[in-house]
Amino acid sequence: MAFIAPSRRLRRTPFSDGVEAAGVKAYTVYNHMLLPTMFRSVEEDYHHLKEAVQVWDVAVERQVELRGPDAGRLMQMLTPRDLRGMLPGQCYYVPIVDETGGMLNDPVALKLAEDRWWISIADSDLLYWAKGIAYGYRLDVLVDEPDVSPLAVQGPRAEELMARVFGDAVRDVRFFRFGWFQFEGRDMVIARSGYSKQGGYEIYVEGGDIGMPLWNALMEAGRDLDVHAGCPNLIERIEGGLLSYGNDMTDDNTPHECGLGRFCDTHLAIGCIGRDALLRVAKEGPVQQIRAIDILGDPVPSCDRWWPVWSGKKRVGRVSSAAYSPDFKTNVGIGMVRLSHWDDGDEVQVETPAGMRDAIVREKFWI
Ligand code: THG
């Protein structure tokens, strides 16, 4: 692969100077912005994430802010998850669907106040869908992308590091809740969340100017904890079954196909734009679904296109993410598999660039 040419359309983040100083080795592009994918090596980063603590530049998790009297109404139009019981201070993982029930995004929504929400988006331009709906329905709501850049602190020592910088009260923040904390006199939302299964926090840094001071403070406070710059780790997120929008699912998939049915209350989600379509398809139930796929044999190359899944001569699915797991000593994968072959233990073949491989479909992910 050649290099990617920098330009103003490929946005840097408030933490990019720190990321570069830490020796970033690879980036991807996400929401038109740089997302680090590797520091030392994907495997070294993986072991370190599970043992210590990492600071992640996840500014690519852009916020779509909804502000005004109709903010809650617009939020409910976007998702089949019932939001009526949600309180300020809570985060919800919410499928976002279009009028056909197709997935447009799978963000974390934060309810800041009755009339103010942040939608912390995955890699698709949700801002325009939200603006279009607000305008088309003449809603009394402001929709924009504020200067907010999440910084994640992930790993088993995350709580200790965060307590050193923000005080012991951060220890009391529960999973998928957030509170307001101060750094150098600036208010920041801090949630117990993040794109790993190792535990940790996400700091919603408001104002790019405070980004590097916070980055440096975390690095200094965590020196004896072996803190290191890190990033969402391919191996760990596959082990944990954390989905990647645009890779593991697209707008061709319903939330139910994505295994996100547990985040839908379609009957109760009155106002959701995709509600009727989802109720229709829910009657029959999905005919394909996301599964963990254990690909046997030597380490596979990285998955930059869908790999066909076969049962003999019949195509029964695709693999969308794969990596060799040092802890589980097998290739861990995420794929979409047809109903006929989605039971735990079902044996299939995966057509990888390294040849045809035997594989086993699993109903549970590794962590
Ligand atoms: N954090 C924030 N924004 C994000 C992500 C994030 N935006 C982009 C991307 N990640 C969106 N996708 C996901 C996918 C999974 C989760 C969050 C965002 C996630 N899932 C947990 C799980 O599946 O175990 C918990 C879900 C729950 O129980 O509610 O955290 O990571 N700010």
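Each value in this text was obtained by applying a stated rule to the coordinates, not by laboratory testing. Since the model is a prediction, treat every value here as computed from it, not as a measurement. Note that each Cβ is placed from the backbone with ideal geometry, even for glycine, and that neighbours are counted across all protein chains shown.
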Summarise the long-distance tail of P(r) for the stretch 194-351 by giving the % of C-alpha pairs beyond 21 Å. 58
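Of the peptides 182-188, 360-366, 5-11, how do they stack up when ordered by the mean number of other Cβ atoms within 10 Å, highest first?
On the way: 182-188: 12.4, 360-366: 16.4, 5-11: 9.1.
Taking the mean over residues of other Cβ atoms within 10 Å, the ranking is 360-366, 182-188, 5-11.
Could you give the length gained on full extension between ARG177 and ARG8, defined as 0.36 nm per residue of separation minus the Cα-Cα distance, in nm? Before the final figure, lay out the partial values.
Details: separation 169, 0.36 × 169 = 60.84 nm, distance 3.45 nm.
My answer for the length gained is 57.4 nm.
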Counting other Cβ atoms within 10 Å, keep those with at most 13, restrict to DSSP loop, and tell me which trypsin sites (Lys or Arg not before Pro) in the stretch 254-292 are left. none
For labels at LYS283 and ASN216 in the simple 7 Å Cα→Cβ model, what's the distance in nm? 6.3
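When DSSP beta bridges are limited to those with both residues in the stretch 221-367, what percentage is antiparallel, rounded to the nearest 5? Numbers along the way, then the final one.
On the way: 33 of 34 bridges.
Antiparallel bridges: around 95 percent, rounded to the nearest 5.
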Rank by packing, highest mean first: peptides 352-359, 135-142, with packing defined as the count of other Cβ atoms within 10 Å averaged across residues. 352-359, 135-142
Efficiency of FRET from Cβ geometry, GLN90 and ALA354, R₀ 56 Å, rounded to 0.05: 0.80
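For each pair in LYS197/LYS314; LYS25/LYS197; LYS111/LYS364; LYS197/LYS313, compute the distance between the two Cα atoms and list the pairs where it is over 25 Å. Intermediate results must be reported in sequence, preceding the final value.
Numbers: LYS197/LYS314 35 Å; LYS25/LYS197 23 Å; LYS111/LYS364 30 Å; LYS197/LYS313 37 Å.
Checking Cα-Cα distances, LYS197/LYS314; LYS111/LYS364; LYS197/LYS313 exceed 25 Å.
Hey, how much of the P(r) for the stretch 64-214 falls beyond 20 Å, as a percent of Cα pairs?
Across the stretch 64-214, Cα pairs with separations above 20 Å total 50 percent.
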Can you give me the Cα centroid spacing of the stretch 181-223 and the stretch 313-353 in angstrom? 37
Please compute the Kirkwood hydrodynamic radius of the stretch 13-61 from all pairs of different C-alpha atoms, in Å with one decimal. 11.3
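Work the Kirkwood hydrodynamic radius out for the chain: mean of 1/r over every pair of different alpha-carbon atoms, inverted, in Å.
Working: mean 1/r = 0.0468 Å⁻¹.
About 21.4 Å, per the Kirkwood formula over Cα pairs.
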